[in-house]
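Step one of this worksheet: look at the structure below.
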Amino acid sequence: MKARDLTIGDISARTGLAVSAIRHYESEGLVHPYRTQTGQRRYVRADIRRLSFVLIAQQLGFTLAEIREQLEPLPSTRGPNKSDWTRMSRRFAKVIDQRIATMQRLRNRLDGCIGCGCLSLETCVIYNNEDRAAKSGPGPRLVLQDNLDD
């Protein structure tokens, strides 16, 4: 074992993750420990950053598949550097901005029409005359889109 390498217990203590969670993230391809001659897992310090990124991204609502896609281009022996963070944060910021816009539309329209008429039969003719929303696709189109022309 190299002096800078960490055991799964070290990683658990540093990240606050249960050992079982770290093993799960390993099985998902998010961290790549190596095995000693006796079969024990060993992690590099960069794995602390990788797992921290996983935790933050999950809190933002990203799936493990989306997170893995962001981490795959990185060498397994290092965490994200400044240019990596910039690339990943731009993509995530775009998705987050889209989610914020959807949430704002939902908040602003929640007590009115949500595109299917079930909450606003009297005003449906105003918001969704002749069921224009159906032409944009299934589901609550007036929440999912800025307007029916999108």
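Residues checked against (1) in contact with a strand residue (DSSP E or B) (Cβ under 9 Å, 6 or more places away or on another chain); (2) modelled with pLDDT under 90; (3) in the same structural domain as Leu71 (by TED's automatic domain parsing); (4) closer than 23 Å to Glu69 by Cα:
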site	(1), (2), (3), (4)
Ala3	no, yes, no, no
Leu17	no, no, yes, yes
Ala21	no, no, yes, yes
Leu30	no, no, yes, yes
Gln37	no, no, yes, no
Val44	yes, no, yes, yes
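Evaluation of Arg14 against the conditions (1) touching a Phe, Trp or Tyr at 6+ places or on another chain (Cβ under 9 Å); (2) surrounded by fewer than 19 Cβ atoms within 10 Å (Cβ to Cβ) shows that the sole unmet condition is (1). No other residue among Gln37, Gln58 is out of contact with any helix residue (DSSP H, G or I) (no Cβ under 6 Å at 6 or more places or on another chain) and in a loop (DSSP other than H, G, I, E, B) apart from Gln37. Of Ser20, Ser76, Ser89, all but one fail to be without any contact (Cβ under 8 Å) to a residue 24 or more places away in the chain and either over 18 Å from the mean Cα position of the chain (by Cα) or assigned to a loop (DSSP other than H, G, I, E, B) (or both); the exception is Ser20.
The values are calculated or read from the model by the stated rules, or taken from the named source; none is laboratory data. If you're wondering where the values come from, they're calculated on a predicted model, not measured in any experiment. FYI the Cβ positions are ideal-geometry reconstructions off the backbone, even for glycines, and counts take in every protein chain you see.
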